[in-house]
Amino acid sequence: MGYRIPGLREYEARNNPWNHFDGKIQEEQEMWDEAMVVMLLEGIRDTLYMTLLSTLFGYVLGLPIGIVLTLTDQGGLRQNRAVYRIFDVIVNISRSIPFLILLILVIPLTRFLVGKSYGPTATIVPLTLAAAPFIGRMVESSLKEVPQGVIDAAVSMGAKTGTIVFKVLLSEARTSLIVGLTIVLGTILGYSAMAGVVGGGGLGDIAIRYGYYRYETGVMVVTLIVIVALVQFMQWLGMRISSRLDHRRE
């Protein structure tokens, strides 16, 4: 039997590159265990929950704003320079506030309405406030695309303002409104990911906690791919619906 240096086996084990490679593979496998997959699925659920509800509430506030802007603007059915100017300034100022700053500014309001300032439900409050002025401007732009001749024809037949808004403006601008909805959904989904910085939940929260603070790049890449896929799906679905509703293609 030959003489063997004490501790040589342990030294070789520590410095064998294949051992490090196997350890890296084992870490990757542990990272994508069942708990991680469940967490990603819950993140997708929370992201869609925040995005869809915030968009719904955003339209509850933003749609009337867009209608008022359209009616009171110069040449509108209820032209009123003072009213238009007030709403125009409010919308411009609101859209100028970065979402992360807005998220912090409305924490007292969020706590008052929801009872806490973190989590998916709490994030809906700042998301709605960020979405409303953006939606208002999108609606205004869509309604102003309706040909003036169509509006004049409705007025000449004695249609009231409410009838013109719902039966003419919103009906004729439906294609543009759907396209605008698609843009809004993608924007709000991006905002919901930003909310992960302050514990807003969803995919953004997972990317921040695991991808940034724990340096698990694989998790960040996967969440990014999922977010991009969700936005692309919403874009595809919105364009399909708008093309079907576009009477100019008939």
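Scanning the range 82-103 for residues that are under 19 Å from Gly58 (Cα atoms) and either among the charged types (D, E, K, R) or surrounded by 13 or more Cβ atoms within 10 Å (Cβ to Cβ) (or both) yields a count of 11. Run down Leu129, Leu181 and say which single residue is touching a Leu at 6+ places or on another chain (Cβ under 9 Å), crowded, with 16+ Cβ neighbours inside 10 Å and part of a helix (DSSP H, G or I). Step by step, each of Leu129, Leu181 is checked, and only Leu129 is touching a Leu at 6+ places or on another chain (Cβ under 9 Å), crowded, with 16+ Cβ neighbours inside 10 Å and part of a helix (DSSP H, G or I). Annotation: of all residues in the range 229-249 being modelled with pLDDT under 80 and either more than 22 Å from Leu181 (Cα to Cα) or of a type in the set (Gly, Ala, Ser) (or both), the one that is surrounded by the most Cβ atoms within 10 Å (Cβ to Cβ) is Ser242.
Comparison of Val146, Val231 shows that the only residue that is outside any helix (DSSP H, G or I) and either under 30 Å from Arg111 (Cα atoms) or without any contact (Cβ under 8 Å) to a residue 40 or more places away in the chain (or both) is Val146. Checking each residue in the range 149-189 for being within 16 Å of Gly75 (Cβ to Cβ) and either touching a strand residue (DSSP E or B) at 6+ places or on another chain (Cβ under 7 Å) or of a type in the set (Asp, Glu) (or both) picks out only Asp152.
Note on the range 157-182: residues that are out of contact with any Gly (no Cβ under 8 Å at 6 or more places or on another chain) and under 30 Å from Asp205 (Cβ atoms) amount to 1.
Only one of the listed residues (Gly202, Gly196) is free of Cβ contacts under 8 Å to residues at least 40 places away in the same chain and within 25 Å of Ala122 (Cα to Cα). That residue is Gly196. For the range 111-121, check the following and say yes or no: at least one residue is farther than 28 Å from Phe87 by Cβ and either surrounded by 20 or more Cβ atoms within 10 Å (Cβ to Cβ) or touching a Lys or Arg at 6+ places or on another chain (Cβ under 7 Å) (or both). Yes; the residues of the range 111-121 include at least one that is farther than 28 Å from Phe87 by Cβ and either surrounded by 20 or more Cβ atoms within 10 Å (Cβ to Cβ) or touching a Lys or Arg at 6+ places or on another chain (Cβ under 7 Å) (or both). Leu77 falls short on exactly one of the conditions (1) closer than 21 Å to Ile151 by Cα; (2) under 16 Å from the mean Cα position of the chain (by Cα), and that condition is (2).
Filtered by the rule that a residue be outside any helix (DSSP H, G or I), surrounded by 19 or more Cβ atoms within 10 Å (Cβ to Cβ) and at positive phi, the range 195-228 gives a lone residue, Gly201. Among the residues making up the range 162-176, those that are touching a residue at least 12 places away in the same chain (Cβ under 8 Å) and either among the charged types (D, E, K, R) or part of a helix (DSSP H, G or I) (or both) are Ile164, Val165, Lys167, Val168, Leu169, Leu170, Glu172, Arg174, Thr175, Ser176.
The values are calculated or read from the model by the stated rules, or taken from the named source; none is laboratory data. Predicted, not measured: the structure shown is a model, and the values here were computed from it. Positions of Cβ are backbone-derived with ideal geometry, glycine not excepted, and every protein chain shown enters the neighbour counts.
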